Amino acid sequence: MIFFARTTDMKCPRCGKIITAAAAACRHCGVRIAKPCERITRRMTANGRIAMACGGLLAFLGVVTLMAQAYPVGMLLAVIGITFCVIGRMMS
């Protein structure tokens, strides 16, 4: 866990001493500071949107199926769709 002291400084997650936010490693204890990769962040956001879209479609199909009085299949589709929507929302 990284705590930010100021805009340009932060605390080292291992020793707790103040280091610059741009540092790749702590100059006091030597621990490497991980920075999130932008490409991975973009990919995770896109995957979240895809999961939400698929979940919305499944939930819609579940409601339509419930209206056609096919209750077990409709409930299954609706629950899976809502689950995908929630997971997609958590990812984005």
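The values are calculated or read from the model by the stated rules, or taken from the named source; none is laboratory data. Remember, predicted model here, so these are calculated numbers, not experimental data. With ideal geometry, Cβ positions are generated from the backbone for all residues, glycine too; neighbour counts draw on all protein chains shown.
Points to keep in mind about this one:
- Tabulated pairs, segment 4-23, first closer than 17 Å to Ala34 by Cβ, second modelled with pLDDT of 85 or more and assigned to a loop (DSSP other than H, G, I, E, B), C-beta under 6 angstrom, 6+ apart or interchain: Cys12/Cys26; Arg14/Cys29; Arg14/Val31; Cys15/His28; Cys15/Cys29; Ile19/Cys12; Ile19/Cys26
- Residue in segment 15-38 that is surrounded by fewer than 15 Cβ atoms within 10 Å (Cβ to Cβ) and assigned to a helix (DSSP H, G or I) present: yes
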